[in-house]
Amino acid sequence: MTITATTAAGMTTSIDPRLLQLASPTLPVGAYSYSGGLEAAMEAGIAKDAASAERWITDVLEFSIGRMEAPVLLRMMKGQLDSFNEVFLASRETAELRAETVQMGFSLNKLLPELGLQPLEMEEISFPAAFAHAARSWKIDERSALTAYLWAWMENQVMAAVKSIPLGQTDGQRMLLSLGKRLEETVGQASAISDEELGNFTPGLAVLSTQHETQYSRLFRS
């Protein structure tokens, strides 16, 4: 079943409710317990208000997610799941970033039978692998699935900032509106990247994530 909507331009578009479920913050995979390095950026004074937090999230989206995680997810949805699951796990630069994706992947994979899907039979499953498996099994359009995946990541980042800086809910909504404008470009970038161009060169994120592992006071697991 799909939900059909009419755009302002008079065009009709269809949305699969199962994709909305996969991207929902209520999906019980524990995403809310991770900040993906953002909390360490706050501790370092790099993300200290709405503007600086948005810059941090934008940079991670452009230089890390958009150049590694997003194109890897697309490849997984095309059927190259086992090999790119290993690639993605190897690309995690710190113990807690690797633990984050493995825990979320395990949780989503455990949930799949309850959603009518066969779970993956793999020793360690990254979150993109479990997400790609569900989207592919439901025959969801790949670009739509990637867009939803990126939105879910951005929403979690913004909520981490709202909780921890802290920011007001209105600030969070402004950030989401601004960041959302980058989705189409990021999806296009991810679609165009070749295997040789895959990369995750974000040394600042790696250093801060390492520091977060021993940070004295923290709310998040990464």
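The values are calculated or read from the model by the stated rules, or taken from the named source; none is laboratory data. Everything quoted here is computed from the prediction, not taken from an experiment. Note that we place each Cβ from the backbone using ideal geometry, even for glycine, and neighbour counts take in every protein chain shown.
Selection of region 113-152 for residues being closer than 30 Å to Trp56 by Cα, part of a loop (DSSP other than H, G, I, E, B) and of a type in the set (S, T, N, Q) yields only Ser126.
Given the structure, is Glu93 over 12 Å from Glu69 (Cβ atoms), of a type in the set (Asp, Glu) and outside any loop (DSSP other than H, G, I, E, B)? In short, no. Pull out all pairs, ordered by first then second residue, where Cβ-Cβ is under 8 Å, the residues are six or more apart or on different chains, the first lies in region 174-190 and is of a type in the set (Ser, Thr, Tyr), and the second is at pLDDT 95 or above and surrounded by 17 or more Cβ atoms within 10 Å (Cβ to Cβ). Sorted first by the residue in region 174-190, then by its partner, the pairs are Ser178/Glu54; Thr186/Leu61; Thr186/Ile65; Thr186/Gly66; Thr186/Ala70; Thr186/Leu150.
When region 22-45 is limited to residues that are over 14 Å from the mean Cα position of the chain (by Cα) and touching a residue at least 60 places away in the same chain (Cβ under 8 Å), the one that is surrounded by the fewest Cβ atoms within 10 Å (Cβ to Cβ) turns out to be Pro28. Residues in region 76-90 that are without any contact (Cβ under 8 Å) to a residue 40 or more places away in the chain and not hydrophobic (A, V, I, L, M, F, W, C): Gln80, Ser83, Glu86.
Among the residues of region 121-139, those identified as surrounded by 19 or more Cβ atoms within 10 Å (Cβ to Cβ) and among the hydrophobic types (A, V, I, L, M, F, W, C) are Ile125, Phe127, Ala129, Ala130, Phe131, Ala132, Ala134, Ala135. Would you pick out the residues in region 153-190 that are more than 15 Å from Glu62 (Cβ to Cβ) and of a type in the set (Gly, Ala, Ser)? Correct list: Ala160, Ala161, Ser164, Gly168, Gly172. For region 46-70, a residue qualifies if it is more than 12 Å from the chain's Cα centre (by Cα) and either buried (at least 20 other Cβ atoms within 10 Å of the Cβ) or among the charged types (D, E, K, R) (or both), and the qualifying residues are Ala47, Lys48, Asp49, Ala50, Ala53, Glu54, Arg55, Trp56, Asp59, Glu62, Arg67. Selection of helices (runs of 4 or more DSSP H) fully inside region 9-64 by the criterion of at least 1 residues being farther than 14 Å from Ala160 by Cα and polar (S, T, N, Q) returns 17-23, 50-60.
Of all residues in region 134-151, none that is touching a residue at least 40 places away in the same chain (Cβ under 8 Å) has its Cβ atom under 6 Å from the Cβ atom of a residue that is among the β-branched types (Val, Ile, Thr) and surrounded by fewer than 17 Cβ atoms within 10 Å (Cβ to Cβ), 6 or more apart or on another chain.
Within region 157-167, take every residue that is buried (at least 18 other Cβ atoms within 10 Å of the Cβ) and assigned to a helix (DSSP H, G or I) and give me the one that is nearest to the chain's Cα centre (by Cα). Ranking the candidates gives Gln157 first.
Of all residues in region 173-211, those satisfying the criterion of being buried (at least 16 other Cβ atoms within 10 Å of the Cβ), assigned to a loop (DSSP other than H, G, I, E, B) and hydrophobic (A, V, I, L, M, F, W, C) are Ile193, Leu198. Per the listing Thr170, Thr214, the residue uniquely free of Cβ contacts under 8 Å to residues at least 12 places away in the same chain, outside any helix (DSSP H, G or I) and β-branched (Val, Ile, Thr) is Thr214.
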